[in-house]
Amino acid sequence: MRTFLDFEKPVAELEGKIEELRHLSDGGDISIAEEVRRLQSKVDRLLRQTYAKLSPWQKVQVARHADRPHVQQIVSTLIEDFVPLSGDRLYGEDAAVVGGIGRFRGYSVVVVGQEKGSDTEGRVRHNFGMAHPEGYRKARRLMALADQFGLPLLTFVDTPGAYPGIGAEERGQAEAIARCIDASLQLRVPVVCSIIGEGGSGGAIAVATGDRILMMEHAIYSVISPEGCASILWRSAERATEAADALRLTAEDLAKLRVIDRIVPEPLGGAHRGPAAAIAGLGDAVEAALHEVRSLDGSVLRARRREKFLAMGQTGLS
């Protein structure tokens, strides 16, 4: 059953009518094909109009939609012969970070991604995509593996942020994130990062420090969640809508700020309405980005990557 967002209610009503008509058609000889086509055309038009003018807060809702493609879906679709690797070799395994070795369209690659889970049980198991220090240390271990064997690194970002619990802080959460970022900047292999849903805080940038940063059209990327920002600035999470406007967290804003390199278009109505098409489009964008950097010398890649991130923040929005 499809889950509709608040601003999609008109679409939900129309699609409900379509389902009713199809049910009637199944039970009798009434020909309603023309009416279904008319309503479907209206749905497509309404979706196109709605998604062409989403507010930042509405983008947040879309980025968090439970039916958006998750890392495990993307890996199972795009990565052949995938061999998952677990553990940080220091403390334990963290299911919020998924990683391993496989083949992407002819390239042997190392993959690192953040997994939120697709149902209640999965979300609990993956801690809603909020990694502990061992998750970031596992990511760093995989980065070192990529560097050792000269394999391109593909990362997929989808997290509300690093886990803020006491245990995570006691085990060095900030240190683990900082070392992960440092490891990314030192790599001598191509690194292509894709923000597929939420890119929250340092928990996201820990695995988003690459040569090419791709961002899906309705994803978000921010130093803090709108709710967290509102709680700090106005002592009320209810002002999250205002915070979303101020944070400049949409793909369009971040492209203007040169924080990301490319926006990956999503199917009409968002990736949650067409996961297969969204994943295919993302795969094409990753392949194109990888092709741009795969022939560069390791020292050149590392120098350009460092320059890229040092230059961020020097260009503002008009």
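Per residue of the chain, the DSSP helices (runs of n ≥ 4 H) give a summed -39500 (n - 2.57) that works out to -15000 deg cm²/dmol at 222 nm. The calculated FRET efficiency for the pair Arg103 and Ala178, based on their C-beta separation and a Förster distance of 25 Å, comes to about 0.20.
Relative contact order, whole percent, for the chain stands at 16, derived from Cα pairs under 8 Å and 6 or more residues apart. Prolate is the label for the range 184-261, because a/c, from the alpha-carbon gyration tensor with a ≥ b ≥ c as root eigenvalues, is 1.5 or above and a/b exceeds b/c. Loop-resident trypsin sites (Lys or Arg not before Pro) (DSSP state other than H, G, I, E or B) in the range 68-174 with no more than 15 further Cβ atoms inside 10 Å of their Cβ: Arg89, Arg105.
Put a dot 7 Å past the Cα of Leu46, heading toward its Cβ, do the same for Arg123, and the two dots end up 2.6 nm apart. Each residue of the range 53-70 was assigned a 3J(HN,Hα) from its phi angle through the Karplus expression (A = 6.51, B = -1.76, C = 1.60, θ = phi - 60°), giving 9, 5, 7, x, 5, 5, 5, 4, 4, 5, 4, 8, 4, 4, 8, 5, x, 9 Hz with x at Gly and Pro.
You can think of it this way: the chain between Ser55 and Glu15 has 12.1 nm of extra reach, that is 0.36 nm per residue less the Cα-Cα gap. Label sites at Lys256 and Glu292, each approximated as a point 7 angstrom past Cα along Cα to Cβ, lie 2.0 nm apart. Full extension of the chain between Ala276 and Val223 yields a length gain of 16.1 nm, computed as 0.36 nm times the residue separation minus the alpha carbon distance. Specify the inter-centroid distance of the range 229-303 and the range 137-175, based on alpha-carbon positions, in whole Å. The distance from the Cα centre of the range 229-303 to that of the range 137-175 comes to 19 Å.
Comparing Ser295, Ser201, Ser225 in a Gaussian network model of the chain, where Cα atoms under 10 Å apart are tied by springs, the biggest mean-square fluctuation is seen for Ser295. Within the chain, DSSP assigns beta bridges of which about 40% are antiparallel (rounded to the nearest 5). Checking the cross-link pairs Lys59/Lys308; Lys17/Lys59; Lys9/Lys138; Lys138/Lys256; Lys17/Lys53; Lys138/Lys308 against a 30 Å limit on the alpha carbon distance flags Lys9/Lys138; Lys138/Lys256 as lying beyond it.
Throughout, read-outs are computed from the coordinates displayed, never taken from laboratory work. What you are looking at is a predicted structure, and each value in this text was computed from that prediction instead of being measured. Neighbour counts run over all protein chains shown; Cβ positions are idealised from the backbone, glycine included.
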